[in-house]
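J.: Sending over a structure as structure tokens; questions will come in a sec.
The values are calculated or read from the model by the stated rules, or taken from the named source; none is laboratory data. Predicted model only: the values in this text are computed from it and were never measured. Please note: Cβ atoms are built from the backbone with ideal geometry, for glycine as well, and neighbour counts cover all protein chains shown. Each accessible area value is taken on the protein alone, full model and side chains, heavy atoms only, with ligands, DNA and RNA left out. Shrake-Rupley method; radii C 1.70, N 1.55, O 1.52, S 1.80 Å.
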Amino acid sequence: MFNCKESIHSLLEYVEGELSDTQALELAEHLRACPPCVDFMKTYRATPQLARRALVDEMPSELASKLKAFLRSKLPSK
Amino acid sequence: MSDSRAPLTPEAAAGSLPGLSVSDAAAIEDRALLDRAQEGDVEAFESLVERHKDRLYGLALRMTRSEADAAEIVQDTFLAAYQNLTRFRGEAAFGSWVHRIAANNALMRLRHQRVVEAATEELLAPEFTERGSLAEVPEVDWSRRADEKVLDEELGRAIRQGTDALPEGYREVFLLKDVEGMSYEEIAEMMGISVPAVKSRLHRARLALREKIDAFYKEV
């Protein structure tokens with residue numbers, strides 16, 4: 001059976017479904033006996049989801065205007 | 001009189017065709033605009049710029065951590081896209097294509113900067129006891145927050161700071177995989193590293209960012 005360290009080190013492969021049958025079994029056994037690692041796994045999975053939502057940036061309007069002017073100076077006129 | 005060639009919003013397009021997702025509808029609309037742009041319609045190209053500029057800017061800003069660099073990357077990317085428009089055959093979506101150009105551009109700038117300034121950041125990681133148990137038990141299961149409709153503003157700021165604090169090489173992998181959705185193989189090729197190295201960096205970046213978010217919830 002994995003310990004916490006081995007379980008956490010295998011999380012990427014677990015999330016991607018790339019663990020071998022033996023490793024998946026060792027991880028499952030550990031998770032059954034270790035609620036903190038279950039919480040850790042849930043929050044590990046949630047991290048990219050939260051990041052995708054937090055990392056939405058809008059181009060500031062001043063920069064957007066500069067971009068428009070720049071492209072108009074380079075592109076053929078309409 | 002309405003212009004039948006005026007772009008539909010993805011939401012309107014999705015609404016008019018049941019079963020079509022907003023992202024599918026956006027890709028179809030992009031394709032239509034791209035066809036017109038490839039025929040020389042500058043206005044159609046400007047519509048593509050308008051539709052993709054914010055996401056491109058976001059990617060460039062998070063990768064370079066510099067507004068000035070991000071603005072230049074967006075400019076250069078759209079100019080390169082326009083200059084290569086007729087060569088683009090459309091096997092990939094327009095959005096994926098320009099994102100790849102921008103990511104390559106950002107990586108080139110970072111490579112240059114890395115020669116000038118050494119990375120000083122360190123990666124956060126969970127700590128373990130000698131027997132391999134978690135040294136600190138997570139106090140809060142905040143995973144459900146990822147499904148909430150509105151993202152807490154303070155949390156958003158903490159995540160942006162946490163991402164910016166990821167060391168060079170890790171931040172790019174995290175952004176390209178977890179935010180942009182590129183494949184391991186694509187990222188490995190762009191960054192000139194192996195797929196296992198991409199996976200290792202991604203895992204460590206996720207762990208570091210998870211620690212930041214965890215710390216945020218402990219403070220709340």
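J.: Could you compute how much accessible area chains A and B hide from each other, both sides summed, with a 1.4 Å probe? Nearest 100 Å² is fine.
T.: Looking at A and B, the buried total is near 4400 Å².
J.: Of A:Lys5/B:Lys218; B:Lys53/B:Lys218; A:Lys74/B:Lys199, which sit over 28 Å apart, Cα to Cα?
T.: B:Lys53/B:Lys218; A:Lys74/B:Lys199
J.: Can you tell me the dipole magnitude for the range B:176-215 around its Cα centre, using point charges on the Cβ only (Lys, Arg +1; Asp, Glu -1), in Debye to the nearest 20?
T.: Charge dipole of the range B:176-215: 240 debye, to the nearest 20.
J.: Hey, another quick one. So for the protein assembly as shown, taking the charge dipole from beta-carbon charges (+1 Lys/Arg, -1 Asp/Glu), which of B:Gln38, B:Leu124, B:Ile28 sits furthest toward the positive end?
T.: Among B:Gln38, B:Leu124, B:Ile28, the one farthest towards the positive end of the dipole of the protein assembly as shown is B:Gln38.
J.: Mean projection of the alpha-carbon convex hull of chain B over all orientations, in nm²?
T.: Numbers: hull surface 64.9 nm².
If I average the Cα hull's projected area over directions, I get 16.2 nm².
J.: Calculate the dipole size of chain B relative to its Cα centre from +1 charges on Lys and Arg beta carbons and -1 charges on Asp and Glu beta carbons; express the result in debye to the nearest 20.
T.: Charge dipole, chain B, about its Cα centre: 500 debye, nearest 20.
J.: Rounded to a whole number, what % of the accessible area of the range A:4-74 do carbon and sulfur atoms account for, probe 1.4 Å?
T.: Answer for the range A:4-74: carbon and sulfur cover 49 percent of the accessible area.
J.: What dipole magnitude, in Debye to the nearest 20, does the protein assembly as shown give about its Cα centre under +1 on Lys/Arg Cβ and -1 on Asp/Glu Cβ?
T.: 620
J.: Now, a different point. Once every Cα of the range B:32-71 carries one equal point scatterer and solvent is ignored, give the base-10 log of I(q)/I(0) from the Debye formula at q = 0.27 Å⁻¹, two decimals.
T.: Values returned for q = 0.27 Å⁻¹ are -0.75.
J.: Considering the Cα positions of the range B:28-102, please state its Rg to one decimal place and its Dmax as a whole number of Å.
T.: 12.0, 36
J.: Just give the residues from the range B:56-71 buried by at least 50 square angstrom of accessible area in the all-chains context relative to the isolated chain, probe 1.4 Å, and say none if nothing qualifies.
T.: Hits at the 50 Å² cut-off: B:Tyr57.
J.: Still on this structure, I have one more. Once the Cα gyration tensor of the range A:4-74 is diagonalised, what are the square roots of 5 times its eigenvalues, in whole Å and ordered largest first, as equivalent ellipsoid semi-axes?
T.: Numbers: eigenvalues 412, 38, 9 Å².
Equivalent ellipsoid semi-axes, largest first: 45, 14, 7 Å.
J.: Could you please state how large a percent of the accessible area of the range B:75-164 is carbon and sulfur, counting protein chains only and using a 1.4 Å probe? Let's see the in-between values first.
T.: On the way: 2660 of 5870 Å².
Carbon plus sulfur share of accessible area: 45 percent.
J.: Counting only heavy atoms of the protein chains, get the accessible area per residue of the range B:149-220 (1.4 Å probe) and round it to a whole Å² value.
T.: Ligands and nucleic acids excluded, the result is 42 Å² per residue.
J.: While we're here: Which whole number of Å³ per residue matches the convex hull of the alpha-carbon atoms in the protein assembly as shown?
T.: Each residue corresponds to 174 Å³ of Cα convex hull volume.
J.: Quick one: Debye curve from the C-alpha atoms of the range B:111-212, no solvent, what's log10 I(q)/I(0) at q = 0.18, 0.20, 0.22 Å⁻¹?
T.: -1.02, -1.16, -1.25
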